[in-house]
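Every number in this text was worked out from the coordinates using simple rules, so none of it is lab data. Just so we're clear, the structure is a prediction, and the values are computed from it rather than from any experiment. With ideal geometry, Cβ positions are generated from the backbone for all residues, glycine too; neighbour counts draw on all protein chains shown.
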Amino acid sequence: MIRKPLIQIILIIFLPLLSACSSTHLNIQESSNSQVLPKVRREFRAAWVATVANINWPSSKDLSVEEQKNESVKILDFLKKNNFNAVILQVRPQADALYKSDLEPWSYFLTGEQGKAPEPYYDPLEFWVNEAHKRGLELHAWLNPYRAHHINGGIITEASVVKQFPDLVVKLETGYWWLDPSKKGTQNHSYNVVMDLVKRYDIDGIHFDDYFYPYPSYNNNKDFPDDESWELYLKNGGKLSRGDWRRENVNNFIERIYKSIKKEKPSVKFGISPFGFWRPFNPPSITVGFDQYNELYADAKLWLNKGWIDYYTPQLYWPINRIELSFPVLLNWWKSENKKGRHIWPGINIGRIHGEKGIDETVNQIMIVRGMLSKSPGEVHWSVGQLISNPELAKAILDGPYKKPALIPKYSWLNKKKPKSPDVTFLKRNDSLIVSWNLKNSSSISHLVVYQKYKKNWDYTIIPNYDTSIKIPLYKINPSYINKTNNITKKDFRDAVDNLNTIAVSSIDKFGNESHVIEHSIPNFNYENAPTFDAILKLYNQK
C-alpha cells in the first residue's frame, strides 16, 4: 500500500494535470539495432496427451461434444499458463481417427463406437489445432503406425481396418491386432494416413512412439506371426536374416515418411520417441534391459544417424542416480549418436516418483537436459495428466525452469532464411501503448516477439500469430522506491517511474527463424505524459 507522505506528494504534483481518457497516435522514430536486445530463451516444452484407453483425453468415451471441448481447453489453458509451448496429441491410437478421415474410422475412444462421428458434428483435431495455436502452442499429431486394435478398443466393427484389410493384419495372443510391417499394403496405408494429415491440417509435427513391431508380451512372448510374409520373401529370393528383414521393413517406412513430409510441407516436423535405449551395452554401463533392436525391430540408432527425423524423444523413464539405467548416461549416449545435428528432447516420466522426491527429480532432469544440450534443450512430459493432477509439481516447474516463456529451438537444417519483419503501428491510449502489426506471409509465421525497454532494462513478450496487437504499459514502478516514505521530492518521483522508451518487434517463422528486429524509439515523457494518480495508486496497491 502507498503510505501517506508519498500520496500527498503525488497529489501536489499531478492533480492539476489529470485529464480524461484519450487515444493519441504517436510519431515514433525508427532506429537501427544499436541496443543489445535480450536473448529469447529457446526450449522445447511439451506434454503427451494420450487418447488410447481414454488415458488423458477425452477422459471418457461417453462425453458430450461440449464436454470434450471443455476438457481440451482446460488442458491447453494449463499448458499455456505453465509456459509450455507444444502439445503432442494422440490422433491415431489403433488405426482409427480422432479427426475426419476417409481412410480410417472414427475412434472408439472418442464416441464409444468405432466409426461413429461426434454429435453434434465437429472435427476434434481441427479444434485442437486452432485452440493450441491461439495459445501459442505447437500441435504435433501422434500416431501409432502399426497397431490395428487395442485390447481396450471395444468391439471390432465393420469399419475397422481388421475387417477392411484382413490380408494386412495378424492377431496376437493377448487380443491385440497388428498391421504386418513387411507388407506393402501396410506401408502404403499408414503412409497415406500420415500424408493425409500433413496435407489437410495445419499441424506442426508428425510424431511416432515406440510401437513398431509389437512388444513380445503382446503375443505371450512368442514370435511375431508373420510366417506367410517371411516365406514369400524367401521365395522371391530374399537374402536377409529374419531380424534384418523386419528391421529393413521399418527402416524403409521411416525414411519414406520423413522424405515425403519434407517434400509436401517442410515446416511439418517429424519426431519419434523410441524406447529409452537402443540395445544393452550401448552405452557399456547399460548391462540390463530391453533390446528394441531385436524385439521391436526398431533400429532407432540408424534413423538418428541418417537424420531421418527432425527431433528424437527417447523415453528416458529412469532416475538420475539409477546406476545401470541412468538418465544422464543414456541421454549422453543418444547425444553422441546425433550425427546429423537433429534435436534430442528426451521423454521424462514425471509420475513414476511421488512427492518432494519426484518434484526434485523432474526439475533436476530438466536442468541436466539444459546443461548437456545447451544449444537446443527441451523435453516431453509423460503425461499431461500427471502434471494437471500434481499442482505442486506444476508449480515447481513454473517457478523454476519454466518461469520465463520460451520459443522452440530453430530447425536450421530445414530452413535458415529470415522471415520478413512485420509492419508495426503504435497508438497511445491513456497509460498504455497499443502496438499493432501486419504480418507479411502470415501463414508461415508462428509467433511474434515484442521487446520493451524501460529506462535501461529490456524485457520481451512472446505472442502467438493469432493476435494482432498487444497493450504495453507506458511506465513501470521501480521496485527500489516502493518502500521509500520520507523526504519524497519531485526528482525522487520522476526516478521512481520507469518510462517505456524503446519498442522492437520481430516475427518468428515455423522453422524458428527470427526476422530482422527494428527498434522504435518512443518520445520521452514529461509531467503531462506521466501516469495519473489513480494509475499510480493502482500500481502501488498491486505490489
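If the cut-off is a Cα-Cα distance under 16 Å, which aspartates and glutamates reach Lys418, setting aside same-chain residues fewer than 8 apart in sequence?
Correct list for Lys418: Asp509, Glu514.
Where in segment 206-242 is the amide nitrogen less than 19 Å from a point lying 7 Å along the Cα-to-Cβ axis of Glu173?
Once the point is set 7 Å along Cα→Cβ of Glu173, 213-228 turn out to lie under 19 Å by backbone N, inside segment 206-242.
Identify all aspartates and glutamates with a Cα-Cα distance to Lys455 below 17 Å; exclude those on the same chain that are fewer than 8 residues away in sequence.
Here the aspartates and glutamates satisfying the reach criterion relative to Lys455 are Asp431, Asp492, Asp495, Asp498, Glu519.
Please report Rg over Rh for the chain, where both radii come from the alpha carbon positions and Rh follows the Kirkwood definition.
On the way: Rg = 27.4 Å, Rh = 26.0 Å.
Ratio of gyration radius to Kirkwood radius for the chain: 1.05.
Using Stokes-Einstein with the Kirkwood hydrodynamic radius over Cα pairs, what translational diffusion coefficient do you get for segment 83-218 at 37 °C and a viscosity of 0.692 mPa s, in µm²/s rounded to a whole number?
Working: Rh = 15.4 Å.
For the chosen part, D equals 213 µm²/s.
Using a Cα distance threshold of under 19 Å, what count of lysine pairs results for segment 43-186 when pairs must be 8 or more residues apart or interchain?
Taking segment 43-186 as the scope, the lysine pair count is 19.
Computed FRET efficiency, Cβ-Cβ of Ser389 and Tyr466, R0 25 Å: what is it to the nearest 0.05? Working shown, then result.
Numbers: r = 29 Å, r/R0 = 1.16.
FRET efficiency, Ser389 to Tyr466: 0.30.
In nm, give the distance between the simple-model label positions of Lys418 and Asn82, each being 7 Å from the Cα along the Cα-to-Cβ direction.
3.7
Per DSSP H run of at least 4 residues, take -39500 (n - 2.57); add these up for the chain, divide by its residues and hand me the 222 nm value, nearest 500 deg cm²/dmol. Numbers along the way, then the final one.
Numbers: 16 runs with 166 residues, N = 543.
After summing the helix terms and dividing by residue count, I get -9000 deg cm²/dmol.
Please give the contour-minus-distance gain from Ile323 to Glu255: 0.36 nm per residue of separation, less the Cα-Cα distance, rounded to one decimal in nm.
Numbers: separation 68, 0.36 × 68 = 24.48 nm, distance 3.45 nm.
Fully extending the segment from Ile323 to Glu255 adds 21.0 nm.
Taking amide H positions as placed in the peptide plane 1.01 Å from N, state which residues far from Tyr460 in sequence (5 or more) or on other chains have amide H under 5 Å from it.
Long-range HN contacts for Tyr460: Gln452.
Between the helical axis of 355-372 and the dominant principal axis of the chain, each derived from Cα atoms, what acute angle in degrees is found, rounded to the nearest 10?
Here the helix axis deviates by roughly 90 degrees.
Return P(r) of segment 308-429 (all Cα-Cα pairs; 10 Å bins starting at 0; whole %; ordered from short to long distances).
All Cα pairs considered, the percentages come to 11, 38, 28, 14, 7, 2, 0.
Give me the one-decimal nm value for the distance between modelled label points at Ile155 and Glu66, 7 Å along each residue's Cα-to-Cβ direction.
Output for this residue pair reads 3.0 nm.
What ³J(HN,Hα) values, in whole Hz, does the Karplus curve 6.51 cos²θ - 1.76 cosθ + 1.60 give for segment 203-214 when θ = phi - 60°, with x put for Gly and Pro?
Taking θ as phi minus 60°, the curve returns 7, 9, x, 10, 10, 9, 9, 8, 8, 9, 5, x Hz for segment 203-214.
Does segment 188-296 classify as rounded, prolate or oblate by the C-alpha gyration tensor (a ≥ b ≥ c root eigenvalues; a/c under 1.5 gives rounded; else a/b over b/c gives prolate, otherwise oblate)?
On the way: a/c = 2.14, a/b = 1.32, b/c = 1.62.
Oblate is the answer for segment 188-296, as a/c is 1.5 or above yet b/c matches or exceeds a/b.
Taking the chain as the reference, fit the longest principal axis to its C-alpha atoms, fit the long axis of helix 242-264 to the helix C-alpha atoms, and give the angle between the two in degrees, 0 to 90, nearest 10.
Tilt of helix 242-264: around 40 degrees.
I need Arg279, Arg92, Arg247 ordered by Cβ neighbour count within 10 Å, fewest first. Spell out each step's value before the answer.
Values: Arg279 17, Arg92 26, Arg247 22.
If I rank by nearby Cβ atoms, fewest first, I get Arg279, Arg247, Arg92.
Can you tell me the 0 to 90 degree angle between the C-alpha axis of helix 124-134 and the longest principal axis of the chain, rounded to 10?
30
For a quick check: sort His520, His207 by the number of other beta carbons within 10 angstrom, fewest at the front. Please list the in-between numbers first.
On the way: His520 18, His207 24.
Fewest-to-most ranking of His520, His207: His520, His207.
At a 10 Å Cβ-Cβ cut-off, how would you order Glu173, Glu379, fewest neighbours first?
Taking fewest neighbouring Cβ atoms as first place, the list is Glu173, Glu379.
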